[in-house]
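These notes concern the structure reproduced below.
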Amino acid sequence: MTDRKDFKRIVRSRSRRTGETYSSALRNIRNARPDRSVATASKGKDQKEPMMNITRAIPEIRSTNMDKTVRFYTELLGFDARTDNGRVLSFVSATHDGVEVIVNTDNFALPPGFTIEVATKDHVTELFDRAESSDVRVIEPLRDAQFSVLDPAGRRITIDAAEERRRSPASRDMTRPITRAIPGSVIEPTAAKRFYADYLGFQVRGEWSAPDAIMFEAPTASGAQVLTGLNLTSPDAFDLDVGTTERVDAIHAAAMGNAVVMGGPQDFPDHGIRCFLLIDPNGIAMNVLAPLSPPTRNS
């Protein structure tokens, strides 16, 4: 009975938003997902096919000093700046298409967070329609193929459509590798799985007890990842994979005296990475890391 009420609520919500009749909204929702009821939550990693075509997970930063922020992300870290009419919109990897950090200067009234990009406007609409039945709080209504919700930790998650976004191609300067930018949320495991797996459709890639963390990965895009846990550095922190341990060491050396550096590069063999903590001009912590090279065998 509850599922039927939830389904009817979703149909009514779509009808009010689109102006369709109830019967038309019902037909379109059923045709969009013929394999299951829209009101039925997925089981994350146990689902038979991807619930959502997730394309990217994109960290966001808020800045009140753009000059310092641009120098930090371009000159120190090696991003290219993506601009529109002279305004910096984001920082993009020179080597990997789609790896990006968004600059958010407009929504200081809302909680900080990051963007989850799905393939089409229909996917955005489906997530919007299922928010109420999934007990997810919407804080910005659906418009221009995007909306925002709160995750259980209070992070603002903006759901956006890839087909509405303009990507800048990588410049292919291979001296400045940045392979992944992974946003995070300080949240306990059960709530994290309920929101990121059951509602958004991520799969659990890995779980660690020390530190207490879960890596979520999109089943449709291996580079779209979100890290959650109770012991992350800060709510606004994200991981930045710069490709090689040599790049980790070079960025650390360049940052000394020019930025806030928390400790030196350290190897974590259990996790297969070398990393150090770096603070950007806006107080946002990032874990600059790279995979450890496999040991060389003696001949």
The number of residues in the range 244-266 that are closer than 19 Å to THR179 by Cα and part of a strand (DSSP E or B) is 1
Name the single residue, out of those in the range 98-132 being of a type in the set (Asp, Glu) and assigned to a strand (DSSP E or B), that is surrounded by the fewest Cβ atoms within 10 Å (Cβ to Cβ).
-> GLU100
Restricting the search to the range 213-237, which residues are in contact (Cβ under 8 Å) with a residue 12 or more places away in the chain, closer than 19 Å to VAL118 by Cα and not in a loop (DSSP other than H, G, I, E, B)?
-> MET215, PHE216, GLU217, ALA218, ALA221, GLY223, ALA224, GLN225, VAL226, LEU227
Mind checking which residues of the range 133-148 are surrounded by fewer than 19 Cβ atoms within 10 Å (Cβ to Cβ) and under 19 Å from ALA192 (Cα atoms)?
-> SER134, ASP135, ARG137, VAL138, ILE139
Where residues in the range 153-164 are within 15 Å of the chain's Cα centre (by Cα) and not aliphatic (A, V, I, L, M), which of them is farthest from PHE79 (Cα to Cα)?
-> GLY154
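Results for (1) in contact (Cβ under 8 Å) with a residue 12 or more places away in the chain; (2) over 25 Å from VAL261 (Cα atoms); (3) not assigned by TED's automatic domain parsing to the domain that holds ASP241, shown as yes or no for each residue.
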position	(1), (2), (3)
ARG62	yes, no, no
ASP67	no, no, no
PHE72	yes, no, no
ASP80	yes, no, no
THR83	no, yes, no
HIS96	yes, yes, no
GLY113	yes, no, yes
ASP122	yes, yes, yes
Within the set of pairs 6 or more residues apart or between chains, which connect a residue that is in contact (Cβ under 8 Å) with a residue 60 or more places away in the chain and of a type in the set (D, E, K, R) inside the range 175-199 to a residue that is assigned to a strand (DSSP E or B) and buried (at least 24 other Cβ atoms within 10 Å of the Cβ) with Cβ atoms less than 8 Å apart?
-> ARG180/LEU240; ARG180/ASP241
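The values are calculated or read from the model by the stated rules, or taken from the named source; none is laboratory data. Just so we're clear, the structure is a prediction, and the values are computed from it rather than from any experiment. As a convention, Cβ positions derive from the backbone with ideal geometry for all residues, glycine included, and neighbour counts pool all protein chains shown.
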